[in-house]
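Presented below is the structure to which this report refers.
Readers should treat all values here as calculations from the given coordinates under stated rules, not as data from a laboratory. Here the structure is a predicted model, which means the values were calculated and not measured. So basically every Cβ, Gly included, is an ideal-geometry build from the backbone, and we count neighbours across all protein chains shown.
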Amino acid sequence: MGLDFLDFRILDIIDILLVATLLYYIYKLIRGTVAINIFIGIVIIYLVWKLTDFLKMEMLSSFLGLFSSVGAVMLIVVFQQEIRKFFLLIGSTNITNKNGIFKDFGFSKRSTDALDHIDDIVGACQRMSETKTGALIVIRRQTNLDFVKNTGDDMDITINEPIIESIFYKNSTLHDGAIVIEGDKITATRAILPVSNDRKIPLRFGLRHRAAVGITEKTDALALVVSEESGQVSYIKNGEFKIFNDHEDLLKKIKNDLV
């Protein structure tokens, strides 16, 4: 009688698990962005609404229900960039492979190949910074990057520091455009990236930086840029420049973002 709410069906348990999994995946997608605070606020309001509805607190439940209805439109406006990435990820990723959707849920083996070579990637950027050698490096996370790779030259090169430096050497035929890194391989060179039209990008940043912002706006990839003018190394994620203190701090941030 009073314990009817404990009469769960198997489908109810599956329903709860699927919703929890979806929320966790969305959290992973927007972790580290300003949107995470808004997302947490929306989840709290929704849970309070369902609680007041369950407890038959009609006035508060109606108010929160109205807020939630209006909030759906606000959600689309605030999270339009994340929603675009989410659908791009769903549409461009093979669910069953090691880079697929279920990788984050523990249903497939997580690849640590890229993590093993971050030292080489960052080390190459540091050396190119000293010689003011321009470079643009894209590191795949989950989103399929075939649409970018198709604009350049297919490669299958195991990552190491000298290889990256030789690709971006000023007299190299491969130095124009970006390289794409997937796992422990350089899978494309001379790739052409979508350029961001964001007017908030400082004028001191050139086409390489705009391309890095563009690819990280449209996918969940990470990007590293070495400026040919100043030698400065920039790290871009989710369309934003990430501040780091030194070589070790940059390594730590990239490794955390790849986990």
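With labels modelled as points extended 7 Å from the Cα through the Cβ direction, what inter-label distance (nm, one decimal) is found for residue 248 paired with residue 73?
Those two pseudo-labels are separated by 5.2 nm.
What is the fewest-to-most order of 47, 258 by other Cβ atoms lying within 10 Å of their Cβ? Could the numbers behind the result be given before it?
Numbers: 47 10, 258 17.
Ranked by crowding around the Cβ, least crowded first: 47, 258.
Which pairs in the list 132/218; 200/237; 218/242; 149/242; 132/200; 185/242 are over 19 Å apart, alpha-carbon to alpha-carbon? All intermediate terms of the calculation are to be shown ahead of the outcome.
Details: 132/218 28 Å; 200/237 15 Å; 218/242 17 Å; 149/242 25 Å; 132/200 25 Å; 185/242 24 Å.
Distance filter (> 19 Å) returns 132/218; 149/242; 132/200; 185/242.
Residue by residue, what Karplus-based ³J(HN,Hα) values in Hz, rounded to whole numbers, does the stretch 45-61 have, using 6.51, -1.76 and 1.60 with θ = phi - 60° and x for Gly and Pro?
In residue order, the calculated couplings are 4, 5, 5, 5, 4, 5, 5, 5, 5, 5, 7, 6, 8, 5, 5, 5, 5 Hz.
Over 20 Å, how big is the tail of the calculated P(r) for the stretch 109-179, in percent of all Cα pairs?
Values: 793 of 2485 pairs.
Cα-Cα pairs of the stretch 109-179 separated by over 20 Å account for 32 percent.
Would you report the distance distribution of C-alpha pairs in the stretch 113-258 as whole percents per 10 angstrom bin, up to the bin with the largest distance?
12, 48, 36, 3
State, to one decimal in nm, how far the label point of residue 171 lies from the label point of residue 66, with both points 7 Å from Cα in the Cβ direction.
Between residue 171 and residue 66, the label points sit 7.4 nm apart.
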